[in-house]
1. Quantify how strongly other chains surround peptide B:45-58 by giving the mean number of their Cβ atoms within 10 Å of each of its Cβ atoms.
2. On average, how much area does the Cα convex hull of the protein assembly as shown cover when viewed from any direction, in nm²?
3. For chain A, what is the Kirkwood hydrodynamic radius in Å, using each pair of distinct C-alpha atoms?
4. For each pair in A:Lys20/A:Lys95; A:Lys20/B:Lys112; A:Lys81/B:Lys2, compute the distance between the two Cα atoms and list the pairs where it is over 31 Å.
5. At B:Leu29 and A:Glu86, where each label point lies 7 Å from the Cα along Cα→Cβ, what is the point-to-point distance in nanometres?
6. Would you please give the FRET efficiency between A:Asn96 and B:Leu3, computed as 1/(1 + (r/R0)^6) with r the Cβ-Cβ distance and R0 = 45 Å, to the nearest 0.05?
7. Extending each Cα 7 Å along its Cβ direction at B:Gln75 and B:Val124, get the distance between those two points in nm, one decimal.
8. What nm value, rounded to one decimal, do you get for the distance between B:Glu139 and A:Asp63 when each label is placed 7 Å out toward the C-beta?
Amino acid sequence: MTVSELVAELGLEVIVMGDKDREITGGYSCDLLSWVIGRANPGDAWITVIGNINTIAVSILADTSCIILAENSAIDPQATKRAETEGVTVLRSSKNAFQLSFEIGRLLKVV
Amino acid sequence: MKLHYEVPGDDFTRAGEASGDVKRKLKSLGFPPDVIRRITIAIYEGEINMVIHAGGGVADIEILPDRITAVLADQGPGIPDIEKAMQEGWSTAPDNIRSLGFGAGMGLPNIKKYSDILNIDTEVGRGTTLTITVLVNPEHREMHNHNH
Ligand SMILES: Nc1ncnc2c1ncn2[C@@H]1O[C@H](COP(=O)(O)OP(=O)(O)OP(=O)(O)O)[C@@H](O)[C@H]1O
Ligand SMILES: [Mg+2]
């Protein structure tokens with residue numbers, strides 16, 4: 001499933017679209033940035049409520065396929081700008097991390 | 001190639017500049033993605049630690065064909081118990097920092113995990129210097145390993 005397919009399936013808000021054809025190979029949900037750096041796999045859709053500039057840096061370092069801000073959490077204007085210049089996909093949903101994880105897992109056929 | 005960066009003490013918006021710039025340089029030099037990933041993660045964690053825990057510092061990066069070495073030096077408070085600090089989950093990050101997503105106590109363990117050679121020189125009241133090396137051919141790592 002690609003990023004743009006995920007957006008369509010879950011009706012996600014697109015804040016910044018990077019590589020819309022990037023394949024989503026898994027998912028990871030955590031708000032502790034160093035935890036994500038150490039544990040997320042490249043290609044994961046990363047679900048978090050942390051929306052600052054470091055979220056973007058971590059997404060690049062961990063090479064996640066997209067960031068999904070759960071529960072309509074806020075994102076700093078600086079972070080949006082950095083995401084635009086670096087081509088990092090930032091999406092948003094009113095759903096919480098549990099619901100998003102479940103639905104993405106179902107779409108990826110891992111649950 | 002040698003690179004030098006000043007890491008500001010309180011500015012989270014600029015933390016990550018050194019690792020981002022090193023990443024671009026290594027990419028254009030054609031280093032393997034895994035090598036780039038490991039050294040940039042280690043530099044990022046070190047940079048962030050200097051911002052949060054040490055009031056800033058400097059990063060000096062040396063890029064050689066077979067290795068990349070990053071020296072991250074600060075004149076902060078130092079680390080009183082380095083064994084504790086190296087444990088996953090140990091953190092003294094204050095609440096306002098935790099609300100930004102830091103404070104998992106995973107930064108130093110990540111640096112250890114992703115580097116081939118790590119040396120930590122720290123003294124309370126004087127500061128901390130991390131010397132991090134990532135080898136392009138890590139199969140040679142035993143020969144070089146002088147970890148503390
Ligand atoms: N440069 C430094 N100067 C002084 N103390 C440091 C420095 N780097 C790390 N420490 C100490 O070591 C602890 C562990 O560092 P580590 O990077 O593993 O976790 P953290 O920075 O607290 O959280 P995280 O990196 O997961 O966001 C810190 O909480 C701090 O007490
Ligand atoms: Mg840290």
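1. That works out to 1 on average.
2. 13.6
3. 13.3
4. Checking Cα-Cα distances, A:Lys20/B:Lys112 exceed 31 Å.
5. 2.1
6. Calculated transfer efficiency: 0.60.
7. 2.1
8. Each label point is offset 7 Å from its Cα along the Cβ direction, giving 2.1 nm.
The values are calculated or read from the model by the stated rules, or taken from the named source; none is laboratory data. Keep in mind that what you see is a predicted model, and the values were worked out from it rather than measured. Note that each Cβ is placed from the backbone with ideal geometry, even for glycine, and that neighbours are counted across all protein chains shown. The accessibility values were calculated without ligands, DNA or RNA, using every heavy atom of the protein model including side chains. Shrake-Rupley method; radii C 1.70, N 1.55, O 1.52, S 1.80 Å.
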